[in-house]
Structure formats: C-alpha cells, structure tokens
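Everything on this sheet refers to the single structure shown next.
The values are calculated or read from the model by the stated rules, or taken from the named source; none is laboratory data. Keep in mind the model is a prediction, meaning the values are calculated, not measured. Glycine also receives a Cβ, built like all others from the backbone with ideal geometry; neighbour counts cover every protein chain displayed. Each accessible area value is taken on the protein alone, full model and side chains, heavy atoms only, with ligands, DNA and RNA left out. Shrake-Rupley method; radii C 1.70, N 1.55, O 1.52, S 1.80 Å.
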Amino acid sequence: MDTASEGQGVVDVFHKIHHSGPDREAHMKVLSKALRDPSAQLTFIKLENSMHLLVGLLTGSDARCRLQAARCLHELSRSPHRDVAPACLPATSYLLTYLSGQSTRFTELCLYTLGNLCPDSEVVQQKLLAQGIIPALASCMEIQRHNPAVVEAVGFTLSQLLQTNDAAVKVIPTVLASSLPAQLLSVLAPDPNFALAPAIESAWCLHYLTSSSRDNKELLSRGALLRCSSLLVSLGGAEGNKEEGLELLVCPLLRCVGNLLCCCPVEELNTAVADPQLVICLCALLQTYLQTQPALARESAWVLNNLTAHSNTFCSALLTFNLVSGMIHLLPFSQGINTLILRVLANIAHKKKDFCVQLAQLGLLSALCATLKMADQEMVTLSLDVLFMLVVSAPQVAEEFVQQGGVSLLEAIQYNSKGEMRGRATYLLEHHLLSQ
C-alpha cells in the first residue's frame, strides 16, 4: 500500500472506531497494524481528537479495546518522527498507573511504550519524571520481581531514562535514592531462578549508573562490586563459556566492575571482591573473546588493570594461578590490548621485588626485548618502565637482560628516540646495565 492510501486507510479506520460498537475491537486491530507505517503515524496524530479517542479506550471498561489501544500507543512510541512522542503525552499518566496492574502482558506493553517514548523528547522525559516514573518502576519491579519478562521490561525502560542527556542531574540521583539499585542487584544473583534477559537489562542499568556517578558510594555500600564480580565468576568464565548472547551480559558486568574498582577504597578491596578466582575468569574472558570480539577482550584487560593497580592479593593470584605466561604471550597483540596487559604486568612488578624475579623467570625479559622494538611509543615507554623495575629488583635479572642483547636495544632507542624515551634508556644503561 502506498503512502497516500495508507494515510487514507488510517483516516477511514479512525472514523469506524469512533462510531462503531461491537466491531470496535476488530477495527482497533486494523489500526494497530496500520500504525506500523511512519507516514500513517503522522496522519493519525494530526486527526482531530485522535489521541483523545485512544486515551478514552485505554481507560475504558472494555479490556479487549484497552489492550488494543495500548498496542496502538506502542506502535506510535516506536515512530522515527520526533513529533509523535509528545503527541502521546495525554496517555502517559495512565500507562504509569497500569504498571501496578495484574496483567503481566499489559504491564509489559505499557513499560515498553514508556521506554520508547523516553529518548527522543525532552518534554516527554520531564513529564514522565514529574508524573513519578521512577517510583512507579520501583513499585512495578517489586510487585513483579518473580516475573522475568516484566523485570526485563522495567530494565529496558529504566535504561532508556538513564541514557537521556540530563540523566546525571535529573534521573540518577532519584534512582539511587530509590529501591531500584537493590532490585537491579537482586536480579544478578546467580541462583537457580537466574534468567539471562532480565540480567542483561539490569546490568546495563547498573553500568549507566556507575558511569555517571562520581564516587559510586551508594552502589559500593549496597555490595554492587561483590555482586557483579561474583556473577562474572559464576557465569563460567574460567571455562570460556560461549553461551549465545552471554557477551551481552558480560560487557556491562565488566564495565560495572571496572568503574566500581576505580572508586573502591584500597582497604576495602579484598572484602568488596572476595573471590580471587575473578582473575581466572578475566583471563579466560580475555582469551575467549580475543579473536572474535577484541573490544570485550580489551574490557577484560582494563578490569584486570584496575583490579591489580592497588592489590597485592590479586597480583599474587595471577602468579599463583599460573596466568602470567598466557598474558605475556598476548603482548604482540594490538588493538590496545597489549598496552593494558603490559600495565597489569607493571602493576605486578611494582608490588614486590620477588614478583619481579618471578616475572623474569616466566619469560618477560625476552618479551620486553620484542616490545622495545615496536613502533607504538606508548608500548616502548611502558616497556622501559617495566624493565627498570625488573633490572633493579635483582642483579641476576639485569645480567640476564644484558645476555639477551638488551644493551644494543637500549642504545638503539637512545639513538633513534627523543625526550622521555631517550632519557629512560640512557638512565638504564648508565646506572644499571653498562656496569654488568
């Protein structure tokens, strides 16, 4: 059907709904299908009293027509035209009211409609916030906490709100003050009732919260770091779990853990992340996604960096669980992963001289001989930093580096580089290596 006839079809069915009796539900179904067309959506909202009619049916006593009216609003909420969302405002207060209803199918429909209306219109966002969408979502999630489909829909709607332009000021403080953070975290509990889809939506909501909050005190106090890191471990990262769609949950969980680690006080870290198996999981995720989804592998390496930055325990765990050799083998890998891996190795070296000796025994010196030749200046600078920590840790480490031809490598950097890199190479040669 062409655009003109589609528009005329909407006009015709609108008049039939306006005047019909027993056939009204059938005509509503026709309208719902017609409103999938973007041009028909514009035609409909321009009709006089069109929204008034929909709202009347949405709030009427006929349950079947009420459902069809909600479906029509849902189709309108998906419109690519920015004028359509504000036109739906007369219905939003009723959609929010229905979130406390008993019909899960109807509740889902209302939630997705509200979620679709959020992103495109600041007027709609402000109206929804004023109408109490956040407490309504919290109440709905509490009532329907045992219904995965509704919990998923609540997560979707909340995630749309959390991504709006003014969310950091107008949305997030209210969300953090509500029961929603605790409810989102409860969805991430690795128990027999765990469902992937609602967990994905909840994890993304938590990601948006952790990315926008300055210190994440509220979430840390609620045990968010422990819950997210525990779920990562339980997902089977150690066995390289490749369940379909799992990466959609792994990605926001990694970001949540990484953001929360940045804010977690050092003295509370071992309590907040109680399971040293997390390092095994992160290394497994790194290997699992290295070739297929390098962005996720990079996220895993970033979390490892944050985890080891201030923790002797987790640095020691990488050595204890024999994970360092595998990381060293990743140093030739690009796409930003090798720089993060080298930072993790630097974190380990920085903690103890004994760790430096172990790193040298595991083959890090020969790997550094390769990274010092790279064109990537960040890699070369990081390599010089790690090399310095290794050679000052024990005389035998410096001797081994000299035996591997390290002096000529540093002399080449002296000759071909400028500034900081040249200075570091010179210092290493003059103070720690040429006397060997």
query: Applying the selection to segment 276-334, what residues are open to solvent by less than 40 Å² (accessible area, probe 1.4 Å), among the polar types (S, T, N, Q) and at pLDDT below 95?
result: Thr288, Ser311
- prompt: When you go through (1) out of contact with any His (no Cβ under 7 Å at 6 or more places or on another chain); (2) open to solvent by 50 Å² or more (accessible area, probe 1.4 Å) one by one for Val392, which number turns out not to apply?
  reply: (1)
- request: Please name all residue pairs, on different chains or six or more residues apart, with Cβ atoms under 7 Å, provided the first residue is in segment 61-85 and is free of Cβ contacts under 8 Å to residues at least 60 places away in the same chain and the second residue is of a type in the set (Ser, Thr, Tyr) and in a loop (DSSP other than H, G, I, E, B).
  value: Arg82/Ser121; Ala85/Ser121
- prompt: Can you name the condition, by its number, that Pro198 falls short on among (1) in a helix (DSSP H, G or I); (2) farther than 24 Å from His74 by Cβ?
  reply: (2)
task: State all residues of segment 315-325 that are under 9 Å from Val279 (Cα atoms) and without any contact (Cβ under 8 Å) to a residue 40 or more places away in the chain; if no residue qualifies, say none.
output: Leu318
task: Identify the residue in segment 212-230 that is hydroxyl-bearing (Ser, Thr, Tyr) and under 15 Å from Pro173 (Cβ atoms) and, among all such residues, is most open to solvent (accessible area, probe 1.4 Å).
output: Ser212
query: Residues in segment 332-343 that are more than 22 Å from the chain's Cα centre (by Cα) and under 16 Å from Val279 (Cβ atoms): how many?
result: 1
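Is at least one residue of segment 362-375 farther than 26 Å from Gly326 by Cα, of a type in the set (Ser, Thr, Tyr) and free of Cβ contacts under 8 Å to residues at least 40 places away in the same chain? Steps first, please.
Quick first cut of segment 362-375, residues farther than 26 Å from Gly326 by Cα only: none.
No; the residues of segment 362-375 include none that is farther than 26 Å from Gly326 by Cα, of a type in the set (Ser, Thr, Tyr) and free of Cβ contacts under 8 Å to residues at least 40 places away in the same chain.
Which of the residues belonging to segment 403-426 are open to solvent by 50 Å² or more (accessible area, probe 1.4 Å) and either of a type outside the set (Phe, Trp, Tyr) or in contact (Cβ under 8 Å) with a residue 24 or more places away in the chain (or both)? Talk me through it step by step, then tell me what you get.
Initially, segment 403-426 is screened for residues open to solvent by 50 Å² or more (accessible area, probe 1.4 Å), giving 403-404, 408, 411, 414-416, 418-420, 422, 424.
Gln403, Gln404, Ser408, Glu411, Gln414, Asn416, Lys418, Gly419, Glu420, Arg422, Arg424 - these are the residues of segment 403-426 that are open to solvent by 50 Å² or more (accessible area, probe 1.4 Å) and either of a type outside the set (Phe, Trp, Tyr) or in contact (Cβ under 8 Å) with a residue 24 or more places away in the chain (or both).
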- request: Would you please name the residue that is nearest to Phe314 (Cα to Cα), looking only at residues in segment 253-270 that are open to solvent by less than 30 Å² (accessible area, probe 1.4 Å) and at pLDDT below 95?
  value: Leu269
